[in-house]
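In what follows, a single structure is set out as structure tokens and then discussed.
The values are calculated or read from the model by the stated rules, or taken from the named source; none is laboratory data. Just so you know, these numbers come straight off a predicted model, no measurement behind them. Positions of Cβ are generated from backbone atoms using ideal geometry, with glycine treated the same way; all protein chains shown enter the neighbour counts. These accessible areas exclude ligands, DNA and RNA; they are computed on the full protein's heavy atoms, side chains included. Shrake-Rupley method; radii C 1.70, N 1.55, O 1.52, S 1.80 Å.
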Amino acid sequence: VAVDGDAALSRRVDEWRRDAKTAVFVAVGGALAGAVAVGDVPRPEAAAVCGALERDGVDVWMLTGDHEATAVAVADRLGLRRARVRAGALPAEKRRCVEELQALHAGVVFVGDGVNDAPALAQAD
């Protein structure tokens with residue numbers, strides 16, 4: 001990401017995203033003042049569960065509103081194929097993805113952790 005006029009901050013934000021963190025930018029008086037990194041750490045058993053589901057023939061996807069670089073870093077930690085990651089997804093996009101998967105599969109389960117997941121949770125079987 002390019003942060004206008006601050007190459008060091010741009011590099012730092014790129015590092016955070018590769019480390020599965022989300023950058024939150026801070027402005028004061030309408031001007032960029034800095035950024036902080038936040039991140040959700042997958043539960044310790046998440047990678048093993050995803051692997052077991054895939055070995056059992058379950059098509060495991062990750063739908064997230066996070067930046068693509070952050071999403072890919074998390075997917076890599078979980079052992080998910082990058083082709084099964086949709087990043088930058090807004091709530092309606094997550095719901096549409098569930099609909100698309102329902103057209104391909106007999107049943108779709110969605111696991112979400114926030115209000116942005118509500119439309120997809122409601123759409124899932």
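Taken over segment 91-115, the criterion of being over 19 Å from Asp40 (Cα atoms), open to solvent by less than 70 Å² (accessible area, probe 1.4 Å) and of a type in the set (Gly, Ala, Ser) is satisfied by Ala92, Gly107.
Among the residues of segment 116-125, those that are over 17 Å from the mean Cα position of the chain (by Cα) and open to solvent by 40 Å² or more (accessible area, probe 1.4 Å) comprise Ala122, Gln123, Asp125. Would you pick out the residues in segment 24-41 that are open to solvent by less than 80 Å² (accessible area, probe 1.4 Å) and at pLDDT 90 or above? Listed by number, the residues that qualify are Val24, Val36, Ala37, Val38.
Checked against the criterion of being on the phi < 0 side of the Ramachandran plot, surrounded by 14 or more Cβ atoms within 10 Å (Cβ to Cβ) and among the basic types (Lys, Arg), the candidates Arg82, Arg17 yield just one match: Arg17.
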